[in-house]
1. For the chain, what is the mean residue ellipticity at 222 nm derived from helices alone (per DSSP H run of n ≥ 4: -39500 (n - 2.57); sum divided by total residues; nearest 500 deg cm²/dmol)?
2. For Lys144 and Ala198, FRET efficiency with R0 = 22 Å and r from the beta-carbon atoms, rounded to 0.05?
3. Please rank Asp153, Asp17, fewest neighbouring Cβ atoms within 10 Å first, as an exposure proxy.
4. Could you pull the Cα extents of the chain along its three principal axes, largest to smallest, in whole Å?
5. GNM, the chain, Cα, under 10 Å: largest mean-square fluctuation among Asp44, Asp36, Asp104?
6. So, in Å, what gap is there between the alpha-carbon centers of segment 13-84 and segment 99-141?
7. Once the convex hull of the C-alpha atoms of segment 90-207 is built, how many Å³ does it hold per residue, rounded to a whole number?
8. Indicate the gyration tensor shape class of segment 108-156 (rounded, prolate or oblate), computed on the Cα atoms with a ≥ b ≥ c the square roots of the eigenvalues: a/c under 1.5 is rounded; otherwise a/b larger than b/c is prolate and the rest oblate.
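Read-outs: derived from the displayed coordinates by stated rules, not from any lab. Predicted, not measured: the structure shown is a model, and the values here were computed from it. All Cβ positions, glycine included, derive from the backbone under ideal geometry; neighbour counts span all protein chains shown.
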Amino acid sequence: MSSSWSYEGKTGPQYWDCLSEEYALCGSGQQQAPIDITESIKADLPPLEFNYSPMGLIIENNGHSVQITADKGGFLKIGDNAYQLLQFHSHTPSEEAFKGKRADMVIHFVHQNIQGQLAVVALLLNVTETPNPVIETLVQAMPKTPGQPQEHDVQIDINQLLPKDKNYYTFEGSLTTPPCSEGVKWIILRQPISISAAQLSLYHAVHPQNARPLQPLNDRKVFSSD
């Protein structure tokens, strides 16, 4: 668990590249995330095949986010490429933006293929009057203070989080936290899901703001599946 960086003050995002040589890309990288999606190119992209399995809940507050270990959570297939789900975590507000507007929250599902390449699926959440049952399980179990992962005697099925519409945006980017490594395949699901105001406020009580500022697009293109 690293405490050398944060989202504010002298260890905040504008200083990440100065905190460690390993974090240099946070300042010099040309393919950094998150980005503001202002336009996209429609492309013949492969459908996303989610093969997630119900799993036991292992949840931690790592000091930067609420993170759920998902080493037995299944995998995502994109065309001929299979990516194992490693973990997922939340940011409030969403890190990615659309024409300058961020969603109330995002969950990032982090996957890795056999070659070691990362693919991150971003699931946007907006406040409505409808509570989300899976989110309710997570907010009730999440530790209020940083510490070791906690195992709970409860199963979660993250398939229940996925929207019906699986259309997506995709671009080449980076990790949004130090060391800001590049070569990450980003997939932003276009249809958001619901979270209640009460559920969001419980997250805010633990991590009130943990979204990295938007990064320059540079010469990258954003592609859309429809």
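1. -3000 deg cm²/dmol
2. Details: r = 16 Å, r/R0 = 0.73.
So the FRET efficiency works out to roughly 0.85.
3. Working: Asp153 6, Asp17 19.
Fewest to most other Cβ atoms nearby, the residues stand as Asp153, Asp17.
4. Result for the chain: principal-axis Cα extents of 46, 43, 36 Å.
5. Asp44
6. After rounding, the separation between the Cα centres reads 10 Å.
7. 142 Å³
8. Details: a/c = 2.24, a/b = 1.30, b/c = 1.73.
Here segment 108-156 falls in the oblate category.
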